[in-house]
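*Asks:* Here you go, one structure.
Nothing in this text is a laboratory measurement; each read-out follows from the coordinates by a stated rule. Being a predicted model, the structure only gives us computed values, none of them experimental. Don't worry about glycine lacking a Cβ; one is built from the backbone with ideal geometry, like all the others, and counts go over all protein chains shown.
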Amino acid sequence: MSQASSRGPVLRAIVGVWNGMNFLRRLVLNLLFFFLLLLFLMVLAGGRGGVVQVQDRSTLVIAPEAQLVEQYTTDPVSRSFMGTFGQGPAEVQLRDLLAVLDAAREDAKIERVLLRVDRMSFSGFASLRELGEAIDELRAAGKQVVAFGERFTQAQYLLAAHADEVYLDPEGEVLLLGLSGYRQFYREGLQDKLGIDMHLFKVGEYKSAAEPFVRDDASPEAKEADLFWRGDVWRRYLEDVARLRKTTAGQLAASIDALPEGIAAVQGDTARYAFEQKLVDGLKTREEVEQLLAERGVADDDAEGGFRQVGFFDYLRSVDGLSAAAKGRRPQVAVVVAEGEIVEGRQPPGRIGSESTAALLREAREDDDVKAVVLRVNSPGGSAFASEIIRREIVALKEADKPVVVSFGDVAASGGYWISMDGDRIFADPSTITGSIGIFGLVPTFPRALEKIGVHTDGVATTRMAGAFDLTRPLSPELAQLIQSYIDKGYRDFIGRVAQGRGRTPEQIDEVARGRVWTGAQAHERGLVDEFGGLRAAIADAASRARLGEPEQWRVRYIERGASPFERWFSGFLQGRLARHWLRESDFARGLLARAVPQAERDLRLLEDMLKTRDGAPVKVLAHCFCGI
């Protein structure tokens, strides 16, 4: 009798299941092996194909359909997936745009630039003004810049206006409307409808970030401060556009105020109105602009648009390749980017984590090749505790005799200012949004909400403070006093450290603090900012402070989370020619791409962070500003 036949039915069933599992395991492993082998062979066959040779008399086409950011919030694999379809990532870094413009200025093979920014989005005007300065330098070097758009928002138009010629589609428009700031207010919905009581504790009559949760409208102080800084940004916007388009700020303002009548006078033809107001140099379709570039440059029937060109992302890879080859072992100015809300712990790019950002600064301090540091800040703030952890690393860098220069982006307010205030020098654009030196705490309680559904809270406690932080009970006067004491101390610490870092007294800082928001120009007048300038100016200043000599004697290094070996390998594969072709024809790959597109962050995430206190901390102290354009 065979061994199999001697087994009972139960044992035979178990053995059968086991053999089936072994078969599936081997099958899955073999399939995985062959898939990885196929990818490897495709890499060998396709090559990277990433670096494009730029031909003489080329037109550089800058047309990213992306959000301008200080650093990517997506991983390299996701961005490479997007690149396989001939698209750039959903984000484009400011540093990359600046690097491309700087390289094109010196590149004899680049004859002119086509600027298409009508599909870009921006979060403020400071970064736009820095890009505009780089475009002006490009033009000064003799390179022609032509801008074209189907329609321009006012942010997009500010960048396009730096071109030698601006063309608009005959069915397009230029929307210059002014600046506004409207928010939703939830007090009635939360308190009257839902029975949730929001208790606000703050210092500073201008600290308005939490007003929507305790009011039904903006306070007079909030309106006063918001109109003051927005008016300054708008005045500078009009002056910039007027200078670039050879008109006056008064004429621009008048045309905007008369917009309804002006559009009616041209029978709703918004493109014609833009032309008559001298906002554009002509009305042309995309095909007509491409024909113009073919006539001025080199016609190429095989190229998209019919003219010899190199795309932004292809040119960027060439620039990155040259930069990598020229690195060598030289003294470094390290740049650490702090973009997004400031929260506790380790955070991915796009958020500033107390542990993750502090670790990057610590890496710069411990690296002997790093001689100076630039902290690039683009943040509305967040957790006061997390901000303080990061600030301590700035102090440690200075104690290690490494200069720290701070460069403000579009926004560096509240906690964003907290992490910056100890820098040796603070650079900002006049249109940067900063200040908001103040803190608050927001505590919700839910007893009335629970009563609406018939739930009541009762019990005992051994002291009058035991159970005081139970949010299902009403907020007691004793607890309110305790929380306000936390907030008062936090504010004293904030202005005291600003005073120490800025060489002022706490009383002097209090006069310009109290939660009030300023533009970079207004902050400069009040001693909160040292100098006007962008990222490049801050890097040059840091190198000078470290006495690094001429630019060719040192290099810039961004310290950030690096890609894993697999991410680097897979990104290389995705940039190969064969992989590009395969993925473009694959519906499955397109589905993967759709999943990889980053989702917009929700405002409610900040509220969620408010309620997540540290172990043992009774309330989270926040240094946050809702002060975006």
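*Asks:* Give me the percent relative contact order of the range 290-395, please, defined on Cα pairs under 8 angstrom at least 6 residues apart. Intermediate results must be reported in sequence, preceding the final value.
*Replies:* Working: 140 pairs, mean separation 25.6, N = 106.
Over the range 290-395, the number comes to 24 percent.
*Asks:* Turning to a different aspect of this structure: Once fully extended, how much extra length lies between residue 450 and residue 52, figured as 0.36 nm per residue of separation less the alpha-carbon to alpha-carbon distance? Show your work: numbers first, answer last.
*Replies:* Numbers: separation 398, 0.36 × 398 = 143.28 nm, distance 6.43 nm.
Here the segment from residue 450 to residue 52 would lengthen by 136.8 nm.
*Asks:* Using 28 Å as the Cα-Cα cut-off, could you pick out the over-long pairs in 246/284; 398/489; 202/398; 143/278; 143/246; 193/489? Could the numbers behind the result be given before it?
*Replies:* On the way: 246/284 21 Å; 398/489 26 Å; 202/398 32 Å; 143/278 23 Å; 143/246 20 Å; 193/489 34 Å.
Result: 202/398; 193/489 exceed 28 Å.
*Asks:* How much length, in nm to one decimal, is gained on full extension between residue 457 and residue 288, taken as 0.36 nm per residue of separation minus their Cα-Cα distance?
*Replies:* This chain segment gains 53.6 nm when fully extended.
*Asks:* Right, something else. I'd like to compare 517-523, 266-272, 162-168: which one has the highest average count of other Cβ atoms within 10 Å, and what's the full order after that? List each step's numbers first, then the result.
*Replies:* On the way: 517-523: 25.6, 266-272: 14.4, 162-168: 22.1.
Order by mean packing, descending: 517-523, 162-168, 266-272.
*Asks:* When the Kirkwood radius is taken over all Cα pairs of the range 232-328, what Stokes-Einstein diffusion coefficient follows at 4 °C and 1.567 mPa s, in µm²/s? Mind dumping the intermediate values first?
*Replies:* Working: Rh = 17.2 Å.
The estimated diffusion coefficient comes to 75 µm²/s.
*Asks:* If you average the sequence gap of Cα pairs under 8 Å that are 6 or more apart and divide by the length of the range 152-279, what percent do you get for the contact order?
*Replies:* Working: 108 pairs, mean separation 38.0, N = 128.
Contact order relative to length: 30 percent.
*Asks:* Sticking with this one: Over all directions, the average projected area of the alpha-carbon convex hull for the range 405-529 comes to how many nm²?
*Replies:* It is 10.3 nm².
*Asks:* At 7 Å along Cα-to-Cβ for each site, give me the label-to-label distance between residue 258 and residue 295 in nm.
*Replies:* Result for the modelled spin labels: 3.3 nm.
*Asks:* A further question follows. Could you tell me the extents of the range 310-440's C-alpha atoms along the three principal axes, largest first, rounded to whole Å?
*Replies:* Its Cα atoms span 49, 36, 30 Å along the three principal axes.
*Asks:* Taking a cut-off of 18 Å between Cα atoms, list the aspartates and glutamates near residue 109, but don't count ones fewer than 8 places away on the same chain.
*Replies:* Partners found: 56, 137, 295, 300, 314, 320.
*Asks:* Would you work out if the range 98-211 is rounded, prolate or oblate? Take a ≥ b ≥ c from the square roots of the eigenvalues of the alpha-carbon gyration tensor; rounded if a/c is under 1.5, else prolate when a/b is larger than b/c, oblate otherwise. Provide the component values of the computation, followed by the final result.
*Replies:* Working: a/c = 4.19, a/b = 2.42, b/c = 1.73.
The shape class here is prolate.
*Asks:* Compute the length gained on full extension between residue 531 and residue 28: take 0.36 nm times their separation in residues and subtract their Cα-Cα distance, giving the result in nm to one decimal. Walk me through the numbers on the way to the answer.
*Replies:* Values: separation 503, 0.36 × 503 = 181.08 nm, distance 6.11 nm.
My answer for the length gained is 175.0 nm.
*Asks:* Can you tell me the order of 477-485, 301-309 when each peptide is scored by its average per-residue count of other Cβ atoms within 10 angstrom, highest first?
*Replies:* Details: 477-485: 14.0, 301-309: 16.1.
Sorting 477-485, 301-309 by mean packing, highest first, produces 301-309, 477-485.
*Asks:* Packing-wise, with mean Cβ within 10 Å as the measure, how do 274-286, 250-262 rank, highest first?
*Replies:* Values: 274-286: 18.1, 250-262: 13.9.
Highest mean packing first, the order is 274-286, 250-262.
*Asks:* Same structure, new question: About the Cα centre of the range 102-243, how large is the charge dipole given +1 on each Lys and Arg Cβ and -1 on each Asp and Glu Cβ? Please answer in debye to the nearest 20. Don't jump to the answer; show the numbers that get you there.
*Replies:* Details: 20 positive and 28 negative charges, 31 e Å.
It works out to roughly 140 debye.
*Asks:* Okay, next question. Size of the dipole of the range 391-480 about the Cα centre, Lys and Arg at +1 and Asp and Glu at -1 on the beta carbon, nothing else charged, in debye to 20? Don't skip to the answer; put the middle values down first.
*Replies:* Values: 9 positive and 11 negative charges, 45 e Å.
About 220 debye.
*Asks:* What residues from the range 116-133 fall in the zone where the backbone N is under 15 Å from a label point 7 Å along the Cα-to-C-beta line of residue 281?
*Replies:* Counting backbone N atoms under 15 Å from the label point, the list is 116.
*Asks:* To the nearest 0.05, how large is the calculated FRET efficiency for residue 470 and residue 188 if R₀ is 25 Å and r is the Cβ-Cβ distance? Spell out each step's value before the answer.
*Replies:* Values: r = 25 Å, r/R0 = 1.02.
So the FRET efficiency works out to roughly 0.45.
*Asks:* In whole angstrom, and with the biggest value first, how far do the Cα coordinates of the range 356-410 range along each principal axis?
*Replies:* 32, 23, 17
*Asks:* In addition: What size of dipole, in debye to the nearest 20, comes out for the range 202-355 about its Cα centre when the only charges are +1 on Lys and Arg C-beta atoms and -1 on Asp and Glu C-beta atoms? Could you put the intermediate results ahead of the total?
*Replies:* Numbers: 22 positive and 29 negative charges, 161 e Å.
With only Lys, Arg, Asp and Glu charged at Cβ, the dipole is about 780 debye.
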